[in-house]
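Take a look at the structure set out below.
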Amino acid sequence: KNEVEQSPQNLTAQEGEFITINCSYSVGISALHWLQQHPGGGIVSLFMLSSGKKKHGRLIATINIQEKHSSLHITASHPRDSAVYICAVRFASVTDKLIFGTGTRLQVFP
Amino acid sequence: DVKVTQSSRYLVKRTGEKVFLECVQDMDHENMFWYRQDPGLGLRLIYFSYDVKMKEKGDIPEGYSVSREKKERFSLILESASTSQTSMYLCASRPLGGGPEYQPQHFGDGTRLSIL
C-alpha cells in the first residue's frame, strides 16, 4: 500500500469547472508538496505547505494535519490546466526524501 | 530561474549496454536527485547526493550507480541495461537548508529511456 494516496486517478472537466484533487498520507509529515507535470515530462512545484492554506492565482492548496489530508483546488479551470498533478510528502524534517503519490491526470475540455 | 538540464529527452539503448544519463544544474545547489517514474508507481528515488563525491542510496538503487565529480553535474549510470529499466528518468536539485529555509526541488524535463 502506497504511503501517499491520491484521488481520483483520472479526472475530466469542462472549461470553467471547479476541480478538487485529494491526497491522503499515513503518518505525520513535516511538509506536503503539490507538483504539476505537463505532457512531455517536466515537473514544476506548485505549493509546499505544512499547515493551513495557500493560494496562487486560480490554484488553492489546503492541508488538514489532524486528518492527514490535503486538497488541491483549481477554480475556473482552463484547458491549459490539463496535466498530471502529483502530491508528495516529506516525513521528517531531517531527511530530504520525498514520497510521491501516483498522480491525478486532469483533462479540461473547451 | 533555476535550470536543471538533462542531456537527452529520448534515448534508445540495447540490453547489456552501459548507459549514462547526465544532469546539470546552474544554481549551485548542494542536493541532487535521480528518480524513475513508472505508470501506477509514481516517482521513486534511485540515488541522491548532498555534496561532491557524496552519494546516498534511495529506494531502488539496484542496477544503478551515480557519479558526482562536480557540484553542478550528477550522472546516473546503468551498468548493464536491462529491459526492466525502461522508464522515464527525472533529475532534480535543491539547495541545502531545512526548516524555514527549506526550498522545494527543481526538476529537469526528464529522459524517456527505452532498453531493447
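Set side by side, the residues A:K1, A:K97, A:K68 differ, and just one is among the basic types (K, R), at pLDDT below 95 and farther than 24 Å from B:I46 by Cα, which is A:K68. Looking across segment A:54-110 at every residue that is of a type in the set (A, V, I, L, M) and exposed (fewer than 15 other Cβ atoms within 10 Å of the Cβ), the one that is farthest from A:I21 (Cα to Cα) is identified as A:V94. Listed by first and then second residue, the pairs with beta-carbon distance under 7 Å, at least 6 apart or on different chains, first residue in segment A:1-28 and among the aromatic types (F, W, Y), second at pLDDT below 95, are A:Y25/A:E3; A:Y25/A:V4; A:Y25/A:K68; A:Y25/A:V89.
Out of B:G58, B:G16, B:G40, report the one residue that is surrounded by fewer than 13 Cβ atoms within 10 Å (Cβ to Cβ) and either under 24 Å from A:R90 (Cβ atoms) or among the acidic types (D, E) (or both).
When all the criteria are applied, what remains is B:G40.
Of everything in segment B:66-91 that is free of Cβ contacts under 8 Å to residues at least 40 places away in the same chain and in contact with a Ser or Thr (Cβ under 9 Å, 6 or more places away or on another chain), the residue that is surrounded by the fewest Cβ atoms within 10 Å (Cβ to Cβ) is B:E69. Scanning segment B:28-43 for residues that are within 14 Å of another protein chain (Cβ to nearest Cβ) and in contact with a Pro (Cβ under 8 Å, 6 or more places away or on another chain) yields B:H29, B:E30, B:N31.
Between A:E3, A:E67, the distinction of being under 29 Å from B:M32 (Cα atoms) and among the acidic types (D, E) belongs to A:E3 only.
For segment A:1-99, list the strands (runs of 3 or more DSSP E) that sit wholly inside it and hold at least 2 residues that are among the aliphatic types (A, V, I, L, M) and either over 12 Å from the mean Cα position of the chain (by Cα) or within 14 Å of chain B (Cβ to nearest Cβ) (or both); which are they?
Output list reads A:10-14, A:31-37, A:43-49, A:83-90.
Scanning segment A:53-105 for residues that are of a type in the set (S, T, Y) and either in contact with a Phe, Trp or Tyr (Cβ under 8 Å, 6 or more places away or on another chain) or more than 21 Å from A:Q9 (Cα to Cα) (or both) turns up A:S70, A:T75, A:S77, A:Y85, A:S93, A:T95, A:T104.
Would it be correct to say that B:T111 is facing chain A (nearest Cβ under 9 Å) and among the β-branched types (V, I, T)?
For B:T111, the condition - facing chain A (nearest Cβ under 9 Å) and among the β-branched types (V, I, T) - is met.
Looking only at residues of segment B:1-27 that are in contact with a Ser or Thr (Cβ under 8 Å, 6 or more places away or on another chain) and among the basic types (K, R), we find that the one that is nearest to the other protein chains (Cβ to nearest Cβ) is B:R9. In this structure, B:S8 does not qualify as modelled with pLDDT of 95 or more, out of contact with any helix residue (DSSP H, G or I) (no Cβ under 7 Å at 6 or more places or on another chain) and polar (S, T, N, Q).
The values are calculated or read from the model by the stated rules, or taken from the named source; none is laboratory data. Everything numeric in this text was worked out from a predicted model, so none of it was measured. Here Cβ is always computed from backbone atoms with ideal geometry, including for glycine, and neighbour counts include all displayed protein chains.
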